[in-house]
1. If a residue counts only when it is farther than 19 Å from residue 187 by Cβ and modelled with pLDDT of 95 or more, which strands (runs of 3 or more DSSP E) contained entirely in the stretch 19-97 have at least 2 such residues?
2. Give 111, 88, 139 a once-over and let me know the one that is more than 13 Å from residue 33 (Cβ to Cβ) and either outside the structural domain of residue 161 (by TED's automatic domain parsing) or within 16 Å of ligand 2 (Cβ to nearest atom) (or both).
3. Quick one: would you say residue 240 is surrounded by fewer than 19 Cβ atoms within 10 Å (Cβ to Cβ) and either outside the structural domain of residue 196 (by TED's automatic domain parsing) or at pLDDT 90 or above (or both)?
4. Looking only at residues that are at negative phi and either within 16 Å of ligand 1 (Cβ to nearest atom) or surrounded by fewer than 19 Cβ atoms within 10 Å (Cβ to Cβ) (or both) in the stretch 183-193, which one is modelled with the lowest pLDDT?
5. Go through the stretch 127-139 and give me each residue that's free of Cβ contacts under 8 Å to residues at least 24 places away in the same chain and either touching a helix residue (DSSP H, G or I) at 6+ places or on another chain (Cβ under 9 Å) or not in a helix (DSSP H, G or I) (or both).
6. Among the numbered conditions (1) closer than 15 Å to residue 173 by Cβ; (2) surrounded by 18 or more Cβ atoms within 10 Å (Cβ to Cβ); (3) within 16 Å of ligand 1 (Cβ to nearest atom), tell me where residue 111 comes up short.
Ligand SMILES: Nc1ncnc2c1ncn2[C@@H]1O[C@H](COP(=O)(O)OP(=O)(O)OP(=O)(O)O)[C@@H](O)[C@H]1O
Ligand SMILES: [Mg+2]
């Protein structure tokens, strides 16, 4: 199979539409981020985190937001999660404006401590299903075991989080999110705190899981390599405040192409695009 070169966004969205048409599906994007500016307001000042960012995520996309630290990636994810309202623009899921958090959008964070330690692994996965009254106890337990099996942790259902490694805890967090069967799974640097080998393994597993479940993923990272491996589409954000710089089609890359010439040249091109702007002059007091 030939490896697809990185293409401008227009070409990518065209191929998307073609694929959707072939399947006879509606071509409307699942998630639309439309001209969205996000700000933090403190009594002293206003910090603009993103400036008029737009992108569309289609069903079963693995859409990656890539950009340097502080460019507003986490803030964008929180806004899609419904935790921060845009000061400008709109976020829509299935054409409906996002105004609050909802189980149709679940976030997996970077931190290993996102699992309440007093609950067993299975109870952790069951908890949102029960709290949101999505399922009764018996069905929640069955679904929890189903997704724990998918992440290879069925045997660990009855242990507590402190008995797990960092990678295993992240697998539990992923199982817990997938068990809710969200319309969009939001991941904020979920593997950033793992060692390099475990990180690669988790990337591979996430792709295998996607092959099986075909969930829609919005994934945040500041690693160019991770973006190319995990994503089928990568949005590049400029440094603070984040603006859309470009979109790259990365569906031809996988862990197997990591290190290959085309992978390296695309990674280099992305690096150049991300950092091409001259650094702003530093104000001297
Ligand atoms: N609670 C907050 N109050 C005020 N400013 C904030 C707050 N959280 C983030 N910011 C600012 O908003 C901007 C975007 O932050 P954000 O955390 O979204 O960046 P990021 O791209 O996720 O960075 P990183 O890769 O380091 O996680 C930064 O300038 C940051 O200082
Ligand atoms: Mg962040």
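The values are calculated or read from the model by the stated rules, or taken from the named source; none is laboratory data. Treat the numbers as computed from the prediction; the structure is a model and nothing was measured. No Cβ is skipped: glycine too gets one built from the backbone with ideal geometry, and neighbour counts run over all protein chains shown.
1. Fully inside the stretch 19-97 and qualifying: 31-41, 46-57, 88-93.
2. Step by step, each of 111, 88, 139 is checked, and only 111 is more than 13 Å from residue 33 (Cβ to Cβ) and either outside the structural domain of residue 161 (by TED's automatic domain parsing) or within 16 Å of ligand 2 (Cβ to nearest atom) (or both).
3. Answer is no for this residue.
4. From the stretch 183-193, those at negative phi are 183-188, 190-193; that's our starting set.
Still in the running and either within 16 Å of ligand 1 (Cβ to nearest atom) or surrounded by fewer than 19 Cβ atoms within 10 Å (Cβ to Cβ) (or both): 183, 186-188, 190-193.
Details: 183: 95, 186: 97, 187: 97, 188: 96, 190: 93, 191: 93, 192: 92, 193: 89.
Selected residue: 193.
5. Here is the first cut: in the stretch 127-139, the residues free of Cβ contacts under 8 Å to residues at least 24 places away in the same chain are 130-131, 133, 135-139.
Of everything in the stretch 127-139, those that are free of Cβ contacts under 8 Å to residues at least 24 places away in the same chain and either touching a helix residue (DSSP H, G or I) at 6+ places or on another chain (Cβ under 9 Å) or not in a helix (DSSP H, G or I) (or both) turn out to be 130, 133, 135, 136, 137, 139.
6. The single condition residue 111 does not satisfy is (2).
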